[in-house]
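Colleague: First the structure, which I've put down as structure tokens, then a few questions once you've had a look.
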Amino acid sequence: MVDPYREHLRRRLAEEPDVPVIHLPAEIREQGYPGSANLLVRYLNQGRADPDRTPPSPRRLVSWLMSRPDDLPPHRRRHLEELVLACPHLTALASRVREFAAILTQRRGHDLDDWISAVRADDLPALHSFALGLDKDNQAVIAGLTPPYSNGPVEGTNTKVKLLKRQMYGRAGFALLRQRILLS
């Protein structure tokens with residue numbers, strides 16, 4: 001609803017960067033804007049009226065790369081696609097991250113050696129050290145990625161028991177600790 005008025009908002013914010021946001025809805029309502037002020041504020045906070053997109057922080061870019069593209073909002077997905085297409089190193093990095101995520105989620109441990117070979121062929125030093133670490137313990141990593149079952153629930157139970165034990169240290173006695181473990 002705000003997109004048709006984007007150029008006016010950009011021009012207005014370029015002329016007077018400190019314009020109060022409460023003045024902008026009235027200005028574009030005169031041009032026929034039917035939406036609410038809250039919608040306009042969200043639009044501006046998302047940076048969709050900015051003339052040039054500012055590059056995201058490294059932490060934000062990593063979070064975008066580590067997310068499924070379908071889970072990102074459309075404006076962030078487009079921004080990520082523009083960034084990835086603009087830089088060949090980022091294109092290779094995004095491709096390798098998505099491939100590794102597929103290996104992890106689909107439990108394809110047998111594809112790990114091919115992935116490590118592809119990473120070594122790329123000019124990505126940070127991924128080289130990660131691949132070297134995976135390669136040092138290759139058999140254990142493949143064994144962890146291959147079977148369909150996980151020991152996560154057992155480890156979660158162990159962690160909970162250890163937490164209860166720490167909470168009960170120096171109190172009541174074994175009978176109460178036993179009762180709390182059985183009830184949890």
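Each row is one residue, and each column tells you yes or no for (1) within 30 Å of GLY47 (Cβ to Cβ); (2) among the aliphatic types (A, V, I, L, M).
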| position | (1), (2) |
| --- | --- |
| PRO69 | yes, no |
| GLN106 | no, no |
| ASP122 | no, no |
| ALA126 | yes, yes |
| SER129 | no, no |
| LEU145 | no, yes |
| GLY152 | no, no |
| LEU176 | no, yes |
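Colleague: Now for a separate question. Select from the stretch 1-10 the residues that are part of a helix (DSSP H, G or I) and open to solvent by 80 Å² or more (accessible area, probe 1.4 Å) and write down the one among them that is nearest to LEU40 (Cα to Cα).
Modeller: For the stretch 1-10, the residue satisfying everything is PRO4.
Colleague: Residue by residue through the stretch 21-35, note down the ones that are open to solvent by 60 Å² or more (accessible area, probe 1.4 Å), modelled with pLDDT of 85 or more and not in a helix (DSSP H, G or I).
Modeller: Within the stretch 21-35, GLU30, GLN31, PRO34 qualify.
Colleague: Right, next: Considering the stretch 43-59 alone, what residues qualify as being part of a helix (DSSP H, G or I) and surrounded by 13 or more Cβ atoms within 10 Å (Cβ to Cβ)?
Modeller: TYR43, LEU44
Colleague: Does ARG108 satisfy being open to solvent by 90 Å² or more (accessible area, probe 1.4 Å) and of a type in the set (Lys, Arg)?
Modeller: Criteria not met by ARG108.
Residue-by-condition table, conditions (1) free of Cβ contacts under 8 Å to residues at least 40 places away in the same chain; (2) on the phi > 0 side of the Ramachandran plot; (3) among the aromatic types (Phe, Trp, Tyr):
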{"site": "PRO125", "(1), (2), (3)": "yes, no, no"}
{"site": "LYS136", "(1), (2), (3)": "yes, no, no"}
{"site": "GLY144", "(1), (2), (3)": "yes, no, no"}
{"site": "PRO148", "(1), (2), (3)": "no, no, no"}
{"site": "GLU155", "(1), (2), (3)": "yes, no, no"}
{"site": "LYS160", "(1), (2), (3)": "yes, no, no"}
{"site": "LEU163", "(1), (2), (3)": "yes, no, no"}
{"site": "GLN167", "(1), (2), (3)": "yes, no, no"}
{"site": "GLY170", "(1), (2), (3)": "yes, yes, no"}
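Colleague: How many residues does the stretch 11-20 hold that are in contact (Cβ under 8 Å) with a residue 24 or more places away in the chain and surrounded by 15 or more Cβ atoms within 10 Å (Cβ to Cβ)?
Modeller: 1
Colleague: Does VAL62 satisfy the criteria of being modelled with pLDDT of 85 or more, in a helix (DSSP H, G or I) and surrounded by 10 or more Cβ atoms within 10 Å (Cβ to Cβ)?
Modeller: Against the criterion (modelled with pLDDT of 85 or more, in a helix (DSSP H, G or I) and surrounded by 10 or more Cβ atoms within 10 Å (Cβ to Cβ)), VAL62 qualifies.
Colleague: When only residues in the stretch 135-152 that are exposed (fewer than 10 other Cβ atoms within 10 Å of the Cβ) and at pLDDT 90 or above count, which is nearest to ARG107 (Cα to Cα)?
Modeller: GLN139
The values are calculated or read from the model by the stated rules, or taken from the named source; none is laboratory data. Note that the structure is predicted; figures quoted are calculated from it, not measured. Because the Cβ atoms are built from the backbone with ideal geometry, glycine has one as well, and the counts that use them run over all protein chains shown. To get the accessible areas, we keep the full protein, side chains included, count just its heavy atoms, and leave off ligands, DNA and RNA. Shrake-Rupley method; radii C 1.70, N 1.55, O 1.52, S 1.80 Å.
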